[in-house]
1. If I model a spin label as a point 7 Å beyond the Cα along the Cα-Cβ vector, how far apart are those points for ASP55 and ARG15 in nm?
2. Could you size up the charge dipole of the chain around its Cα centre, putting +1 on the beta carbon of Lys and Arg and -1 on that of Asp and Glu, and report it in debye to the nearest 20?
3. From the helices alone, meaning DSSP H stretches of at least four residues, give me the mean residue ellipticity at 222 nm for the chain, per-run term -39500 (n - 2.57), in deg cm²/dmol to the nearest 500.
4. Determine ³J(HN,Hα), in whole Hz, for all residues of the range 28-35 in sequence, where each value follows from phi through the Karplus function 6.51 cos²θ - 1.76 cosθ + 1.60 and θ = phi - 60°; x replaces Gly and Pro.
5. Where does each of 13-21, 34-42 land if you order them by average Cβ count within 10 Å, highest first?
6. Compute the FRET efficiency between VAL29 and SER66 as 1/(1 + (r/R0)^6), taking r as their Cβ-Cβ distance and R0 = 35 Å, and round to the nearest 0.05.
7. Which order do peptides 25-33, 56-64 fall in by mean Cβ count within 10 Å, highest first?
8. Along the positive direction of the dipole of the chain (beta-carbon charges: Lys, Arg +1; Asp, Glu -1; about the Cα centre), which of SER66, THR42, VAL24 reaches farthest?
Amino acid sequence: MERLALRAHRCLGLRDLSRADFIVGTETVVLVVITLPGMTHTSLYPDACRMLGIDVGDLTERLAQSALQRRPDFADLAGV
């Protein structure tokens, strides 16, 4: 399912993060790819990160840095 989720993410031209939901039966089907998954303490995405040993604060920092690298005109906001 990880490979299928990553393939869907890339095929849709997404960057940085997404969450894929599946229907699992005799065949596995991607039900939906969520382009802006929830980041609250009850959301699935932070739970998955914690299971992988990734701190949610570190994840947020990585996402912000990745976005800033794509938009050098916003680089001066990094210190705000």
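All of the numbers you see were taken from the coordinates with simple rules; none came from a lab. Everything numeric in this text was worked out from a predicted model, so none of it was measured. For neighbour counting, all protein chains shown are included, and Cβ atoms are generated from backbone atoms with ideal geometry for every residue, glycine included.
1. Calculated label separation equals 2.6 nm.
2. On the way: 9 positive and 10 negative charges, 53 e Å.
That gives the chain a dipole magnitude of about 260 debye.
3. Numbers: 3 runs with 33 residues, N = 80.
That calculation yields -12500 deg cm²/dmol at 222 nm.
4. Calculated HN-Hα couplings, in order: 9, 10, 6, 7, 7, 10, 8, 7 Hz.
5. Working: 13-21: 14.1, 34-42: 11.1.
Highest to lowest by the protection proxy: 13-21, 34-42.
6. Working: r = 29 Å, r/R0 = 0.84.
Rounded to the nearest 0.05, the efficiency is 0.75.
7. Numbers: 25-33: 10.0, 56-64: 13.1.
Order by mean packing, descending: 56-64, 25-33.
8. Result: VAL24.
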